Amino acid sequence: MEITRLKTKTPSPYRITTIQEETHDTKTFRFALPDNATLDMLPGDHLYVHATVNGKAVKRPYTPSSLPDTVGYFDLTIKRYESGVISKYVHDRQVGEEVQMSGPNQGGHWIDGMATRVGFVAGGTGITPMISIIRWILSRKLAVELFLVFANKTEADIILGREFGHYLREHSNFHCYHVLEQPPPGWSMGVGRITPEMLRERLPAPASGTIVFLCGPPPMVDALERSLKDLGYAEEAIILP
């Protein structure tokens, strides 16, 4: 069967086929594609979700969490924010309804062979652009060492926490360090916010074969990008999806 790779510049409708709850405020929405079609994208590229809310046209970027070469569907993992116009719009959709999207569009993505040691620094929903990259590298058993530092408010806010726990048990090249503002009793990982010391201890050291993906709330990204540069990571080694 010949595979069609889809990309659109103008919004097109995609129908929701299933909705899976990930956390108390995060869901994964699966959207149908033709049986012989996949999205024309690399791990980390994004789509724009379009909607008209209160008479105003709005759009926001979302990175599919499914693998880029998945045929017949794609997934978006979206956290609902009370101030998030599009996130609330999508969360209010039901199975069978359609959502308008355009793309995929190139972002800070992964290309096979670009590094042998990869750091991921994420805050909250900043993990979503990294999910497909992590899944891609592990599913293809690439010779790449992965180091994830993931910050959240509480343990209940950790998106795909069970999946990352599975990876820790099954893949010796995957390392994960969670940081919580409000940790439960007996918590053994990071507390508070991600610090330069945590980055130094938990990420691969700066080197020619090392890159770091960084995504989260803008103030966090700005602060940690400066910290990474202070630790010796070259600007081109820091990728903002």
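The values are calculated or read from the model by the stated rules, or taken from the named source; none is laboratory data. Remember, predicted model here, so these are calculated numbers, not experimental data. Ideal geometry is used to build each Cβ from the backbone, glycine not excepted, and the neighbour counts take in all protein chains shown.
In table form, for the structure just shown:
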quantity: The stretch 16-46, subset of a type in the set (D, E, K, R) and exposed (fewer than 14 other Cβ atoms within 10 Å of the Cβ), residue nearest to the chain's Cα centre (by Cα); calculated: 21
quantity: Given (1) closer than 20 Å to residue 157 by Cβ; (2) in a strand (DSSP E or B), number of the condition residue 128 does not satisfy; calculated: (2)
quantity: Test: residue in the stretch 135-147 that is closer than 18 Å to residue 79 by Cβ and at pLDDT 95 or above; calculated: no
quantity: Subset tally (residues that are in contact with a strand residue (DSSP E or B) (Cβ under 9 Å, 6 or more places away or on another chain) and either outside the structural domain of residue 138 (by TED's automatic domain parsing) or of a type in the set (Asp, Glu) (or both)) for the stretch 164-196; calculated: 1
quantity: Test result for residue 212, without any contact (Cβ under 8 Å) to a residue 60 or more places away in the chain, in contact with a Pro (Cβ under 9 Å, 6 or more places away or on another chain), among the β-branched types (Val, Ile, Thr) and assigned by TED's automatic domain parsing to the domain that holds residue 127; calculated: no
quantity: Test: residue in the stretch 75-98 that is within 23 Å of residue 2 (Cα to Cα) and either in contact with a strand residue (DSSP E or B) (Cβ under 8 Å, 6 or more places away or on another chain) or at pLDDT below 95 (or both); calculated: yes
quantity: Of residues in the stretch 1-15 being touching a strand residue (DSSP E or B) at 6+ places or on another chain (Cβ under 7 Å) and among the aliphatic types (A, V, I, L, M), the one surrounded by the fewest Cβ atoms within 10 Å (Cβ to Cβ); calculated: 3
quantity: Pair list, Cβ under 6 Å, 6 or more apart: the stretch 126-151 residue in contact (Cβ under 8 Å) with a residue 24 or more places away in the chain and among the hydroxyl-bearing types (Ser, Thr, Tyr), other residue surrounded by fewer than 24 Cβ atoms within 10 Å (Cβ to Cβ) and in a helix (DSSP H, G or I); calculated: none
quantity: Positions within the stretch 91-114 being among the hydrophobic types (A, V, I, L, M, F, W, C), surrounded by 20 or more Cβ atoms within 10 Å (Cβ to Cβ) and over 19 Å from residue 26 (Cα atoms), in sequence order; calculated: 101, 110
quantity: Selected residue [out of contact with any strand residue (DSSP E or B) (no Cβ under 6 Å at 6 or more places or on another chain) and either acidic (Asp, Glu) or surrounded by 13 or more Cβ atoms within 10 Å (Cβ to Cβ) (or both)] from 203, 199, 214; calculated: 199
quantity: Flag if residue 63 is crowded, with 21+ Cβ neighbours inside 10 Å, in contact with a Gly (Cβ under 9 Å, 6 or more places away or on another chain), within 22 Å of residue 130 (Cβ to Cβ) and of a type in the set (Ser, Thr, Tyr); calculated: yes
